[in-house]
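The values are calculated or read from the model by the stated rules, or taken from the named source; none is laboratory data. Treat the numbers as computed from the prediction; the structure is a model and nothing was measured. Neighbour counts run over all protein chains shown; Cβ positions are idealised from the backbone, glycine included. We work out accessible area using only protein heavy atoms, side chains counted, and drop any ligands, DNA or RNA first. Shrake-Rupley method; radii C 1.70, N 1.55, O 1.52, S 1.80 Å.
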Amino acid sequence: MASDAERRLEEMGWPLEEVDFGREDDPDLGGCAVAGVVRNEGIRVRIAVRPGISEEFRADFAAWAERRVEGFMDHGPVPDGWQRRCDGNWQIWGRRVELPPM
């Protein structure tokens, strides 16, 4: 069942696409978002998620991706650490990391 964030991304025309990244040695890697600005069209976004992740991880990733894309639209790539790609687009990777208690 799709999370609220995943449904909102679909409504914006950016459904999660399942992509095998070939990184079985990196199970915390959940997916990535790629964004680019197209003249006279606005922002194009593609959001890829690793197949087979838990529903909870997928929902968390969708919410994370939604916030990153909204930030890109509002402030550009700098605040969230988007990386410039050789094709001119911007990419950011989503990884599950548990921080130690404070």
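Data table
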quantity: Neighbour cut-off at most 12 other Cβ (10 Å), DSSP loop, trypsin sites (Lys or Arg not before Pro), the range 1-67; calculated: R23, R39
quantity: Percent carbon-and-sulfur accessible area, the chain, ignoring ligands, DNA and RNA, probe 1.4 Å; calculated: 49 percent
quantity: Neighbour cut-off at most 12 other Cβ (10 Å), DSSP loop, GluC sites (Glu not before Pro), the range 17-102; calculated: E24, E41, E98
quantity: Per residue solvent-accessible surface (Å²) - the chain, probe of 1.4 Å; calculated: 67 Å²
quantity: Where labels lie 7 Å past Cα in the beta-carbon direction, separation of V97 and F21 in nm; calculated: 1.3 nm
quantity: Karplus-derived HN-Hα couplings along the range 74-85 (A = 6.51, B = -1.76, C = 1.60, θ = phi - 60°), whole Hz, x at Gly and Pro; calculated: 7, 10, x, x, 5, x, 9, x, 4, 10, 6, 9
quantity: Debye intensity ratio I(q)/I(0), log10, the chain, q values 0.15, 0.20, 0.24, 0.25 Å⁻¹ (C-alpha model); calculated: -0.62, -1.06, -1.40, -1.47
quantity: Theoretical gain in end-to-end length, D28 to A63 [0.36 nm per residue, Cα-Cα removed]; calculated: 11.0 nm
quantity: Nearest-20 debye value, the chain charge dipole, Cβ charges on Lys, Arg, Asp, Glu; calculated: 460 debye
